[in-house]
Structure formats: structure tokens, C-alpha cells
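Have a look at the structure below, then the notes.
The values are calculated or read from the model by the stated rules, or taken from the named source; none is laboratory data. What you see is a predicted model, and the numbers here were worked out from it, not measured in a lab. Cβ: placed from backbone, ideal geometry, glycine included. Neighbour counts: every protein chain shown. SASA here: full protein model, heavy atoms, side chains in, ligands and nucleic acids out. Shrake-Rupley method; radii C 1.70, N 1.55, O 1.52, S 1.80 Å.
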Amino acid sequence: MTADGLVLVAEHDPAVAELQRRYLAREGYEVRIEADPSRAPAAAERARPDVVVLDLSASALPADLYRRVAEAALPAPVVAVTGPLDPAIARHLGEHRVERPFGPRVLVAAVADALRRRGPLPAPGPLRAGPVALDPDRRTAAVSDHRVALTVTEFDLLAFLMANPGRVFTREQLLDAAWGPGAGAGSRTVDVHVAQLRAKLGHDNPIRTVRGVGYVLDA
């Protein structure tokens, strides 16, 4: 990821999406494209972007799409791209909105403004699930105050789950979180690493299998 953050662009027009990608990348952002705005909630959960640019101008989009994307992307802000709207409707789209037609620089400015208003995210502090404790700054793990040696990937996988207790993740979502999108690892890789984590954490292991879906960390 670049220093300026990750932008998820959910845009139905490939030419427009590519233009937005070029201008945002020129400003130092990493950009990922979702060509179907209706799939933006799932894309936001996978990518965990710093800001989402959501095209709401396409026809036949779900009426609650903006709300679902905003919930999936939290704490990232959402910049809504729309056609002309009644002010009463526009108010339901949050404070960040760009109305078509607009130039790419207008979008870049809207993204920068959304990030500036959100402000810096707090640095992650120690994570705990029962007797299991992680310190992301020192990258240390312990069970009942006894140090546990984890590999880099094991630590990243456990830290992601511990930062999102009670939330069920698919294997694909965990692959993106711990290995990175496009890493080429298969879903079986997640199962192997979860098994290794469980062995190292012993009876205090907080990771639970959700049959047919993936894994969840029980707080």
C-alpha cells in the first residue's frame, strides 16, 4: 500500500474507472477497481480500503447499496458518485458526494477531503481474547503471559481475527487480509495456518470454524 492509502473505486464504466485510477494513482493512492457497484460491499470487506468511491449512477442498483457499503467499509468514508439528486435524497448519502459530470481532479479533491475529515486512525494497541494477547507494535504473542512464537503470516492472520472479534470471515477474505490480494495462495492455505495457530495456542485457542463459511474469533 502507498503512503497515501488504498482507494476502492466501484465504477460500472471501465473507461471512467481507468481514468479515475490513473488520476488517483498519480496522487500517490493505491487503487483497486470493482466493476460492479452492486458487489462493492463484499469488495470493501475484502480490500479494507481507506476510502471508497461508489458509483450510484448506474441503473437497477439496490436501493440500500450506499448504506451497505458504508457499513462494510467502516471506518473508511464513502464518496458517492451520483447524477443530479433531490436535496432530501442527497442528505442520506453522507457528506462526501460528487455529481456527474465532473473532472477527475474534482474526484481526487473529494477523496483527499474525505480522508482529511476522517483524520488519522488510532494506532492499534494490544489485542486480547481471553488469555491470548498480541502486541502489534512489538509483534509479540502470548498465552497466559507465556510467549508464543508465531510466523509472520500466523501473526498477521491472528491479529486480523482478533481485531474483528465475533465477525465471520470466509477463507478468501482471510487470504486477502493475511497474504494480500493476488498472492496466489489457495483456501487450503488458510486451513493449514489456522491448524498451526490452534496447535500453538493450545486449549486457549479462540478461533472457531463456521462450517461452510470460514472462521471467526470468539471474544
| query | Given V106, S57, L74, which one lies farthest toward the positive end of the charge dipole of the chain, if we put +1 on the Cβ of every Lys and Arg and -1 on the Cβ of every Asp and Glu? | reply | L74
| message | Are there DSSP H segments in the chain that both extend 15 Å or more along their axis (alpha-carbon positions) and score a mean Kyte-Doolittle hydropathy of at least -1.0? List them, or say none. | response | 14-26, 104-118, 152-163, 187-201
| remark: The answer for the chain, accessible area per residue at 1.4 Å probe in Å², is 52 Å²
| task | Considering Cα pairs under 8 angstrom that are at least six residues apart, work out the relative contact order of segment 1-54 and quote it in whole percent. | result | 50 percent
| said: Can you tell me the mean projection area, over all orientations, of the convex hull of segment 149-219's alpha carbons? Units nm², please. | reply: 4.4 nm²
| R0 = 41 Å: FRET efficiency of D204 with A112, Cβ-based, nearest 0.05? | 0.40
| Listed peptides 157-166, 27-36 by packing density, highest first (mean Cβ within 10 Å) | 157-166, 27-36
| Accessible-area composition of the chain, carbon plus sulfur, in percent [1.4 Å probe] | 52 percent
| Taking the chain and dividing mean pair separation by its residue count, relative contact order in percent (alpha carbons under 8 Å, at least six apart) | 14 percent
| message | In Å and on Cα atoms, what radius of gyration and Dmax does the chain show? | response | 19.3, 60
| field | For segment 1-86, diffusion coefficient by Stokes-Einstein and Kirkwood Rh (Cα), 20 °C, 1.002 mPa s, µm²/s | value | 168 µm²/s
